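Asker: Quick one: structure below, then a few questions.
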Amino acid sequence: MTLCIMGMGLRGADSLTLLEVERLRRADEVLLDTYTSFIPPGTVERIRELTGKEVRLCGRTELEEHGWLIEMSRNRLVCLLVPGDALSATTHNQVRMSAVRAGVDVEVLENASILNTWHGRLGLLSYKVGPPVSMPFTDERFFPLSVADKVRRNLENGLHTLLLLDLDRNRENLDPHTALRTLLAMAQRRNYDNPNEGTMACVLSGLGQPWEKVVCGKISDLLQTEIGFRSPVSIAILASLDFSEEEMLSAFCQSV
């Protein structure tokens, strides 16, 4: 029948569109991706309340080994709920591609994600946004300097960078202070001038959540600030700002 891949937006069930709610009410199976991003508290209960449907949770194994999902979609309407936008993560496009190759109809319902909202929330110009960069958990054996390479390349091109912080087993983001220290250590190991302690950055905590907090300042100042950031958390590494961007940042963000 049909596999409907739908984005939940930034606020979980509370940012579902009317069309998405209608599809969920008609669905034979409702699946929720708990692997690729943060799920706001109470999401499952809210989906049940809105749709009257039971929700099946899908982790990494269920999504990566998704043959069962494709087979289920052959004769049923299956809705796969995704945090943020429907297709921001490669995982969901892989599911989509498998379904198309298997002859299963696929419907995609888009929504907001951190990737398409962060720069607007900060008042940054969209044409000055570079490719996002992922910051993983690191250790002595795994310390990918390519993270600093990509951030530096964006800075050299006058582009702002969204630094996506990895999730641990409890679906909590890497601590932003740790991420900033790691980025500086990577840049130092490469002997880069940028990013450095004087580089401007913004920590975006709980974007779209009741506990939303956006704090901006030099990396050195952010490292000395204990604010109590809560997931979901990401970091914007800022290139040179024009006058309008400076004005917007001062109006929309807490400075340190």
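Asker: Using the 2.2 N^0.38 Å rule of thumb for compact globular proteins, work out how segment 2-109 stacks up: its C-alpha Rg over that value, please.
Answerer: Here the answer is 0.95, to two decimals.
Asker: Among MET135, LEU122, LEU77, which residue has its Cα positioned farthest towards the positive end of the charge dipole of segment 54-154, with +1 placed on the Cβ of Lys and Arg, -1 on the Cβ of Asp and Glu, and the dipole taken about the Cα centre?
Answerer: LEU122
Asker: Right, next: What's log10 of I(q)/I(0) for segment 52-164 at q = 0.12 Å⁻¹, Debye sum over Cα points only, no solvent?
Answerer: -0.63
Asker: Helix-only estimate, please: 222 nm mean residue ellipticity of the chain, summing -39500 (n - 2.57) across DSSP H runs of length 4 or more and dividing by its residues, to the nearest 500.
Answerer: -10000 deg cm²/dmol
Asker: Same structure, new question: One quarter of the convex hull surface, Cα atoms only: what value does that give for the chain in nm²?
Answerer: Computed as one quarter of the Cα hull surface, the answer is 14.4 nm².
Asker: Using DSSP to call loops (not H, G, I, E or B), can you name the GluC sites (Glu not before Pro) in segment 4-69 whose Cβ has at most 11 other Cβ atoms within 10 angstrom?
Answerer: GLU54, GLU65
Each reported figure results from applying straightforward, stated rules to the coordinates on display, with no laboratory input. Since the model is a prediction, treat every value here as computed from it, not as a measurement. Cβ sites come from the backbone with ideal geometry, for glycine too, and all protein chains shown count toward neighbours.
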